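One structure is given below, encoded as structure tokens.
The values are calculated or read from the model by the stated rules, or taken from the named source; none is laboratory data. In this text the structure is predicted, and so the values were computed from the model without any measurement. Cβ placement follows ideal geometry from the backbone for every residue including glycine, while neighbour counts extend to all protein chains displayed. Accessible surface is based on the protein model in full, side chains and every heavy atom, while ligands, DNA and RNA are left aside. Shrake-Rupley method; radii C 1.70, N 1.55, O 1.52, S 1.80 Å.
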Amino acid sequence: MKAPPWLNTPHTLREYALLADGERGAIVGPRGDIVWMCFPHWDSPPLFSSLIGGGGAYAVSPTERHVWGGYYEPRGLIWRSRWATGNATVECRQALALPAQRDRLVILSRASVHRGSCRLAAVLNPFADYGRHGMQGLARDDAGVWRARIGDFFLSWSGATGAHAVRDGRHRALHLDLPLGEGAEHDLVLLISTGAGGTPPEPELAWRETEQAWHERVGDFADTAAPRDAAHAYAVMRGMTSSGGGMVAAATTSLPERAEEGRNYDYRYVWIRDQCYAGEAAAAAGAFELLDDSVSFVTARLGEHGPQLRPAYTGRGEPVPDERSLDLEGYPGGTAVVGNGANKQFQLDAFGEILLLLAAAARSDRLDSDGWDAARQAAAVILKRRREPDAGVWELEPPRAWTHSRLICAAGLRAVAAQAPGRRLAGRWLAAADSIVADASRHALHPSGRWQRATDDTRVDASLLLAGLRGAVPGEDPRSQATCAAVERELSDDLYCYRFKPDERPLGQAEGAFLLCGFWMALALDQQGRPLQAARWFERNRAACGPPGLLSEEFDVGQRQMRGNLPQAFAHALLLECAATIRVEP
């Protein structure tokens, strides 16, 4: 007997939800199927990888014909799949239990029937290391708990006493038939650990602790323009932030940005730039725990590596491995890869973003002496390397003198100078910022008066909106206004924004709209005194999601589909910043 054929059938990205505990995450599909989950860390090989063709899943789903829905409980990542069958309404509540531990994870699942009666099927079919290892030594103990070994790890599954083992190809799986009447509930608890002998926690206590932990971590954001979405964005970022303070860019690898174009990347790492975006957004919203985490992770990496700071690290602060291909089918339209080639790049703009983050912390009175040491170090790197070509915000090769990289460094210098403890230091940083902006004005100002991508590239780029937004020059400066107008005119479609035009093809043919850029546009319009237009952009881009409210990196405007890895942390960061910043008077 094999697992149901639908278990390895991918869904469109808008249908997936995220469970996360900070140390790792699980991607859940509309059939209650966990199709992607790494252990013990975000960047570890997965135990469930059917999302990209590696096999293995954990599912709780109705056996009868049904339609799907779902929603997150407020202020956290507790997900409820909801199904309507011909005569029943049934839910499955799922979460990764909190508080998290690096050496073990707990998946909580509680099925409940609200109307009628229903038969559910639970399938546990883990394949460790991209499908190489199934369950070994599978047995049920005297307490009815199933136990097995999966590669180097150990599994315990409670609540499934009536399950039976079946053969699924080379491996064994567990199938549970679960009939439930109206009002009935049933708990399943899956424990995976690095050591043997663990026992799954008691469900009621585990649920209570998880609920409490989420409510302590996530406020209601009632004073923002979009309280529900702001709280959800913050919950997503908190769920993707480990105990070491690092926030991974996405939970997944290899989900294609464009079908069959080879643009598949592994984003299960902590990008310094993205970490700064998250911290700045948290500061704008008054959510200081995430701000503190961002400062802690960034300053630690800067202290370790200084001028050789890498663009990205693992959640534990280790180097990102080189990119390599996997012998897997991949998500439809893509190929499977792990590692990331950005690990060898020089990205000058990251140092400017670090200064903006540290300045935001200082304004909130949350920057200590170590933070100021980091500010001096980042500023010194900018002063020494500001004329070097770099990969830039879009991580493009070969390196070039990107205008955005220089202007964001000027913005960072200005921001940190405004908070600096000494006049001499502040004066030096301001003088350097003035010099950078003057140089950009001489060599990277388009004849129309807007900023251009580079000294040898006259195109407009959405990242240049940040020159005004972050304070390299004022928002009312003619260069900022001309750049905003050009981005709106040349790079927008239906209130979505593209990074730049890579070639002569119409917008949308080369790549999808970048939600990050759409939120930048909303902030820029708000800064320039156009709050109604800003609100329209904000509303449009925050709605580019499915029922779980997760945002990916890109959005296919024509097909109204999400593209790329998910959830994309920096998109949620800018959603939060927009919600905290944009105001429309009634």
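At-a-glance table
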{"quantity": "Ellipticity estimate at 222 nm from DSSP helix runs (n ≥ 4, -39,500 (n - 2.57)) divided over the chain, nearest 500", "calculated": "-10000 deg cm²/dmol"}
{"quantity": "Anisotropy class of the chain from Cα gyration tensor, a/c 1.5 cut", "calculated": "prolate"}
{"quantity": "Fraction of accessible area attributable to carbon and sulfur, region 149-260 (%, probe 1.4 Å)", "calculated": "47 percent"}
{"quantity": "Percentage of interatomic Cα-Cα distances in region 31-164 larger than 18 Å", "calculated": "59 percent"}
{"quantity": "Sequence ranges 528-537, 233-242, ranked by mean other-Cβ count within 10 angstrom, highest first", "calculated": "233-242, 528-537"}
{"quantity": "In Hz, Karplus ³J(HN,Hα) per residue of region 111-122 (6.51, -1.76, 1.60; θ = phi - 60°; x = Gly, Pro)", "calculated": "8, 8, 10, 9, 8, x, 10, 8, 10, 9, 10, 10"}
{"quantity": "Estimated FRET transfer efficiency when R0 is 35 angstrom, pair Thr63-Ala139 (beta carbons, to 0.05)", "calculated": "0.85"}
{"quantity": "FRET efficiency for Arg505 and Asp434, using Cβ-Cβ distance with R0 set to 60 Å, rounded to 0.05", "calculated": "0.95"}
{"quantity": "Residue-normalised accessible area of the chain, expressed per residue, 1.4 Å probe, Å²", "calculated": "36 Å²"}
{"quantity": "Cα-based shape type of region 491-586, given that a ≥ b ≥ c are square roots of the gyration tensor eigenvalues and the cut on a/c is 1.5", "calculated": "oblate"}
{"quantity": "Residues whose placed amide H lies under 5 Å from that of Ala26, excluding near-sequence neighbours", "calculated": "Leu19, Ala20"}
{"quantity": "Accessible surface of region 1-79, 1.4 Å probe, proportion on carbon and sulfur as whole %", "calculated": "54 percent"}
{"quantity": "About the Cα centre, charge dipole magnitude for region 337-488 (Lys/Arg +1, Asp/Glu -1 at Cβ), debye", "calculated": "440 debye"}
{"quantity": "Relative contact order [Cα under 8 Å, 6+ residues apart], the chain, whole percent", "calculated": "13 percent"}
{"quantity": "Fully extended contour minus Cα-Cα distance, from Arg366 to Gln101, at 0.36 nm per residue", "calculated": "92.7 nm"}
{"quantity": "For region 53-61, 3J(HN,Hα) per residue [Karplus equation, 6.51 cos²θ - 1.76 cosθ + 1.60, θ = phi - 60°, Hz, x = Gly/Pro]", "calculated": "x, x, x, x, 6, 9, 9, 10, 8"}
{"quantity": "Net charge of Cβ neighbours under 9 Å - reference Trp214; Lys, Arg +1; Asp, Glu -1", "calculated": "0"}
{"quantity": "Gyration tensor verdict on region 414-530 (Cα atoms; rounded if a/c is under 1.5, prolate if a/b is larger than b/c, oblate otherwise)", "calculated": "prolate"}
{"quantity": "Taking region 274-425 and dividing mean pair separation by its residue count, relative contact order in percent (alpha carbons under 8 Å, at least six apart)", "calculated": "23 percent"}
{"quantity": "Rough spin-label spacing in nm, given labels placed 7 Å along Cα→Cβ, for Lys344 and Arg424", "calculated": "4.2 nm"}
{"quantity": "Centre separation in Å (Cα based) which lies between region 294-317 and region 162-194", "calculated": "42 Å"}
{"quantity": "Mean separation of Cα contacts under 8 Å (6+ apart) over length of region 279-363, as relative contact order %", "calculated": "29 percent"}
{"quantity": "Cα centroid separation - region 482-525 against region 363-412, whole Å", "calculated": "24 Å"}
{"quantity": "GluC sites (Glu not before Pro), loop per DSSP, at most 11 other Cβ atoms within 10 Å - longest free stretch of the chain", "calculated": "1-259"}
{"quantity": "Average silhouette area of region 353-399, convex hull of alpha-carbon atoms, in square nanometres", "calculated": "3.8 nm²"}
{"quantity": "Nearest-20 debye value, the chain charge dipole, Cβ charges on Lys, Arg, Asp, Glu", "calculated": "500 debye"}
